[in-house]
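The values are calculated or read from the model by the stated rules, or taken from the named source; none is laboratory data. Computed from a predicted model, the values in this text were never measured in an experiment. Positions of Cβ are backbone-derived with ideal geometry, glycine not excepted, and every protein chain shown enters the neighbour counts. We work out accessible area using only protein heavy atoms, side chains counted, and drop any ligands, DNA or RNA first. Shrake-Rupley method; radii C 1.70, N 1.55, O 1.52, S 1.80 Å.
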Amino acid sequence: MDLDKELLNAVFKISEDAIIVCDHDNKIIRANTSFNDLAGYSESEVLGRHLFKKDERNRERSFIEILSTRDEEALSWSGRVMIRRKNGEAKLSEAVSYTILDEHRTPQKRLTIIRIIPDRMAEVTGTEINPQYDPLTGLPNANLLNDRLNQATIAANREQKSVAVLLIGLDRFNMVNDGLGFEMGDLVLKEIGARFAGTIRKSDTIARFEGDRFCLVMIVASSDDSVIVAEKILKAMQTPVEVAGSEIYLTASIGISIFPADSDSGFNLLKHSESAMRHIKKSGGGGYQFYSGEMNVKAKQRIDLENSLRHAMEHNEFVLYYQPKVDIVTDKIVGAEALIRWKHPERGLVPPGDFIPVAEESGLIISIGEWVLRKACMQCLSWREKGLPSIRISINVVAPQFRSKRIVDQITETLEETGLPPHCLELEITESILMGEPLIIVETLNQLRKMGISISIDDFGTGYSSLSYLSRFPINTLKIDRAFIFDLQKNHQNAEITRAIIGLSRSLNLEVVAEGAELLEHIDFLREQGCDTVQGFFYSKPVSSDEFETLLRDGFQKV
Ligand code: C2E
Ligand code: MG
Ligand code: MG
């Protein structure tokens with residue numbers, strides 16, 4: 001026996017996947033141990049038996065049945081099979097098969113590898129298919145959807161959130177069935193179902209509702225969240241579905257209703273989503289619509305904003321303003337926070353609060369953040385090169401940026417390209433970022449710190465209640481949120497919180513910056529408590545780079 005054959009034999013034997021080899025007539029001629037274990041039959045009981053298609057008559061005799069359509073001409077196939085075990089149990093499994101050709105290219109054997117379907121997919125017991133799952137797509141069916149919808153409304157009530165019900169209908173799907181046949185139609189539905197399943201979070205439910213309709217149920221903080229998902233679904237439809245060598249282009253119409261705004265009954269929510277879906281289908285399909293008119297207006301505004309942000313990015317409409325961080329003992333500028341503004345052609349200077357949240361949700365923040373990083377580094381370097389006092393530049397980094405795998409590379413590249421020394425850069429992150437996967441966060445922070453970059457916790461005191469992260473993560477600075485500063489002269493509690501944060505920083509050896517210091521009283525209090533660095537209108541509002549340069553050159557006039 002040659003080495004290749006021996007190797008193949010060994011792989012066949014030890015594979016954890018169940019593998020069978022059939023002849024051209026679908027008769028099993030070899031089966032490995034994993035397959036025998038899975039089917040519960042001994043090898044001799046398996047050999048010589050047949051694989052059958054779902055609708056073939058003599059399927060009762062078979063213990064392995066092909067559920068998904070298989071094109072007999074195609075050389076490879078993947079789909080669902082049902083294994084009926086000796087003890088009567090039925091197990092839905094995924095299978096791939098490859099046809100082996102002889103030297104005349106005629107099919108000889110078929111190698112089929114079978115995997116048990118993962119948890120989220122259907123589990124079958126007895127001889128009946130689980131009544132809660134759709135056998136074609138493996139997704140929950142309308143029964144299970146109803147349950148999940150009810151559970152979601154209960155959970156949303158408790159958490160004071162909403163539930164979005166998205167009914168997704170494939171447009172003109174009957175043309176696929178009529179033109180290509182039901183088998184092809186099934187393949188398309190299967191593929192689309194898998195795509196939808198790939199766009200949702202684990203906690204959401206996507207179900208095959210009926211025929212060519214799918215339904216997505218998810219708990220949302222605001223109706224805007226459903227817009228993001230509806231867009232993702234429409235995007236997932238843009239890639240054509242490939243079946244049997246042809247590409248099929250499809251669109252979907254999505255009707256959205258919201259619990260509790262539109263109704264508190266699951267039945268009515270589905271009805272409302274359906275009527276919204278019908279509406280969008282009538283106007284040509286390929287879009288989404290809310291049941292309630294009010295939300296349609298909100299959704300439209302959001303989309304308009306997203307589009308104008310894209311336009312702004314391409315047309316260079318963003319500018320950075322800089323706000324000094326000042327040492328209150330010497331009145332010297334020690335740093336600058338770069339704060340983005342949008343120079344809107346009609347609306348004038350738009351503050352970040354009006355567009356950063358949408359940029360975050362739409363993913364545009366990644367490219368905006370890249371721009372901010374580069375621009376701020378170049379600006380800081382240019383001040384250094386002009387011989388102005390050396391300062392540290394801070395930029396704000398939000399969760400999607402921080403979580404993006406590229407963050408460390410991006411910063412390394414930008415520092416290399418611009419030539420700014422790493423110790424001149426500081427990242428301001430919020431406490432919520434630290435609440436993600438701790439190992440990944442520590443790793444990212446350590447890498448950044450190793451490079452010499454500083455990390456500051458922005459809006460400190462407003463976020464998470466556990467402070468254990470302060471010792472766990474390599475942090476340099478706490479930035480006291482301005483909510484505690486603005487009224488500390490008359491709000492005793494805020495004054496105490498500020499005092500406590502300053503004390504905490506000192507004992508943990510962290511720098512501390514007070515944000516939003518507007519009055520002399522604030523400065524006096526902070527100085528007394530030992531917080532030496534402040535950022536606030538008392539010294540300066542955020543200003544343009546030219547104005548900042550003047551401040552840096554001339555300093556503050558002593559009052
Ligand atoms: P932040 O990082 O906490 O920035 C400080 C905000 O406090 C700035 O608002 C600043 O103008 C304001 N501020 C500073 N001193 C005072 C004061 O004495 N009194 C009052 N009332 N306000 C003061 P701004 O520029 O509107 O920025 C708001 C938020 O937008 C920022 O909060 C930050 O979270 C976000 N942001 C700004 N620029 C960027 C950016 O480039 N990228 C990202 N991801 N977020 C940004
Ligand atoms: Mg900040
Ligand atoms: Mg802040």
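Scanning the stretch 328-348 for residues that are in contact (Cβ under 8 Å) with a residue 12 or more places away in the chain and over 21 Å from L381 (Cα atoms) gives I328, V329, D331, W342, K343, H344, P345.
Evaluation of D532 against the conditions (1) surrounded by fewer than 19 Cβ atoms within 10 Å (Cβ to Cβ); (2) touching a helix residue (DSSP H, G or I) at 6+ places or on another chain (Cβ under 9 Å); (3) at pLDDT 95 or above shows that the sole unmet condition is (3). Annotation note: of I485, I497, I475, the sole residue that is out of contact with any Cys (no Cβ under 8 Å at 6 or more places or on another chain) and under 23 Å from L415 (Cα atoms) is I475.
Taking the conditions exactly as written (more than 16 Å from ligand 2 (Cβ to nearest atom) and modelled with pLDDT of 95 or more), does Q323 satisfy them or not? In short, no. When the stretch 525-552 is filtered for residues that are closer than 14 Å to D331 by Cβ and not hydroxyl-bearing (S, T, Y), the ones remaining, listed by number, are L526, R527, D532, V534, Q535, G536, F538, L551, L552.
Restricting attention to the stretch 293-312, does a residue exist that is open to solvent by 40 Å² or more (accessible area, probe 1.4 Å) and part of a strand (DSSP E or B)? Within the stretch 293-312 (the criterion being open to solvent by 40 Å² or more (accessible area, probe 1.4 Å) and part of a strand (DSSP E or B)), the answer is no, since none of the residues qualifies.
For the stretch 420-435, the set of residues classified as in contact with a Phe, Trp or Tyr (Cβ under 9 Å, 6 or more places away or on another chain) and open to solvent by less than 30 Å² (accessible area, probe 1.4 Å) consists of L427, I429, E431, I433, L434, listed by residue number. Within the stretch 392-435, the residues that satisfy the criterion of being in a helix (DSSP H, G or I), in contact with a strand residue (DSSP E or B) (Cβ under 8 Å, 6 or more places away or on another chain) and not aliphatic (A, V, I, L, M) are F402, H423, C424, E431. Does P421 fit the bill of being in contact (Cβ under 8 Å) with a residue 12 or more places away in the chain, of a type outside the set (S, T, Y) and more than 11 Å from ligand 1 (Cβ to nearest atom)? So P421 fits the description; yes.
Just one residue in the set I411, I455 is open to solvent by less than 10 Å² (accessible area, probe 1.4 Å) and closer than 29 Å to N494 by Cβ; that residue is I455. Candidates in the stretch 445-462 are the residues that are without any contact (Cβ under 8 Å) to a residue 40 or more places away in the chain and assigned to a helix (DSSP H, G or I); of these, the one that is nearest to ligand 1 (Cβ to nearest atom) is L445. For the stretch 1-53, the strands (runs of 3 or more DSSP E) that sit wholly inside it and include 3 or more residues that are surrounded by 14 or more Cβ atoms within 10 Å (Cβ to Cβ), in contact (Cβ under 8 Å) with a residue 40 or more places away in the chain and not polar (S, T, N, Q) are 18-23. Yes or no: D481 within 15 Å of ligand 3 (Cβ to nearest atom) and either closer than 21 Å to T430 by Cα or open to solvent by 20 Å² or more (accessible area, probe 1.4 Å) (or both)? Considered against the rule, which asks whether it is within 15 Å of ligand 3 (Cβ to nearest atom) and either closer than 21 Å to T430 by Cα or open to solvent by 20 Å² or more (accessible area, probe 1.4 Å) (or both), D481 comes out as yes.
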